[in-house]
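The numbers here are math on the coordinates, done by the rules we state, and not lab data. Model, not experiment: these values are computed from the prediction. Cβ: placed from backbone, ideal geometry, glycine included. Neighbour counts: every protein chain shown.
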Amino acid sequence: MYLNSIFADPERTARLMDIAKTSLQPMLEGAIMNTIPLTIISFIVGIILAVLTALARISQGKVLRGIAGVYVSAIRGTPLLVQLFIIFYGLPNVGITLDPFISAVIGFSLSVGAYASEIIRAAILSIPKGQWEAGYSIGMTYAQALKRIILPQAARVSVPPLSNSFISLVKDTSLASLVLVTEMFRRAQEIASRNYEFLLVYTEAALIYWVICFFLSVLQQYMEKRLDRYV
């Protein structure tokens, strides 16, 4: 019925085409200026946090293991949207007011850190113990064996799941619109609220996300093939 009403009315068809053209630029600007930078920054910070958390989870120190375990459990056990709301809307109640973009970076970084830490921890534990023993046999310390032998192998194992996490993060950044970050989906909301063509505008936004994720998937496959050379 919706498509029939469009094609039956040339004026409406022309209007929708005009909306599609004019809405594309602002949404692309939102993607370039906020969505992509937010994804990259959050992922880099999250991976650093994930490596530290994973190492803490496999360490001998009970306190470190306990702190890392509570962090992972808390982040994985609560919705990301609730975490963003606590950071942006809740912290001002205790005198901490953060910029929307910074709030989003903190929220997404904490989320990536918790989930990616389990991926990295599993990758480290998947390396045979003989690799550790080989490093010790030639005089390496724990830190040296970890840096030169274990982590390079674990990195290759963890690339596919971490790439999937990165692609998921691109889509999750749409939640940042709810903490006033003017990323791509917020631009789409603003456009749709003016012309009331929600189906058209949101479908256009979905296609942009799809294109971005498609190219990231191609890049992921390329990286995996490159890493397979070292197997």
Requested in this report: Just need the relative contact order of the chain here, percent rounded to a whole number, with Cα pairs under 8 Å and 6+ apart.
Outcome: 28
Query - Centroid-to-centroid separation of the range 165-185 and the range 53-130 [C-alpha atoms, Å] - result: 18
Query raised in the report: Using 0.36 nm per residue, how much length does the chain from TRP210 to ILE58 gain when fully extended, once their Cα-Cα distance is taken away?
Result: 51.0 nm
Report summary line: Filtering the chain for DSSP H helices with an axial alpha carbon extent of at least 24 Å and a Kyte-Doolittle mean of at least 1.0 returns 36-57, 100-126
Query raised in the report: Which value, in debye to the nearest 20, describes the size of the charge dipole of the range 1-127 about its Cα centre when Lys and Arg Cβ atoms bear +1, Asp and Glu Cβ atoms bear -1, and nothing else is charged?
Result: 620
Query - Nearest-0.05 FRET efficiency for TYR222 and GLN131, computed from C-beta distance (R0 22 Å) - result: 0.20
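Just rank VAL179, VAL63, fewest to most, by other beta-carbon atoms within 10 angstrom.
The order, fewest Cβ neighbours first, is VAL63, VAL179.
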Requested in this report: Report, in debye and to the nearest 20, how large the dipole of the chain comes out about its Cα centre when Lys and Arg carry +1 and Asp and Glu carry -1 on their Cβ.
Outcome: 1000
Report task. May I ask you to list the residues of the range 99-125 whose amide nitrogen lies under 16 Å from a point 7 Å from Cα along the Cα→beta-carbon direction of ILE40? Result -> 105
Query - Option label - log10 I(q)/I(0) by the Debye sum over Cα atoms at q = 0.07, 0.14, 0.17 Å⁻¹ computed here, alternatives [x] -0.33, -0.97, -1.21; [y] -0.20, -0.87, -1.34; [z] -0.55, -0.90, -1.17 - result: [x]
Report summary line: Checked the range 1-109 against the a/c 1.5 cut and the a/b vs b/c comparison, axes a ≥ b ≥ c from its Cα gyration tensor; verdict prolate
Report task. Have a look at TYR71, TYR196, TYR115 and tell me which one the Gaussian network model of the chain (Cα, springs below 10 Å) gives the largest fluctuation. Result -> TYR196
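Using the 10 angstrom Cβ neighbour count as an exposure proxy, how do GLU11, GLU224 rank, fewest first? Kindly include the intermediate steps, with their values, before the conclusion.
On the way: GLU11 7, GLU224 13.
Neighbour counts put them in this order, fewest first: GLU11, GLU224.
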Requested in this report: Just grab the label-to-label distance for ILE138 and LEU80, each label 7 Å out from Cα along the Cβ direction, in nm (one decimal).
Outcome: 4.1
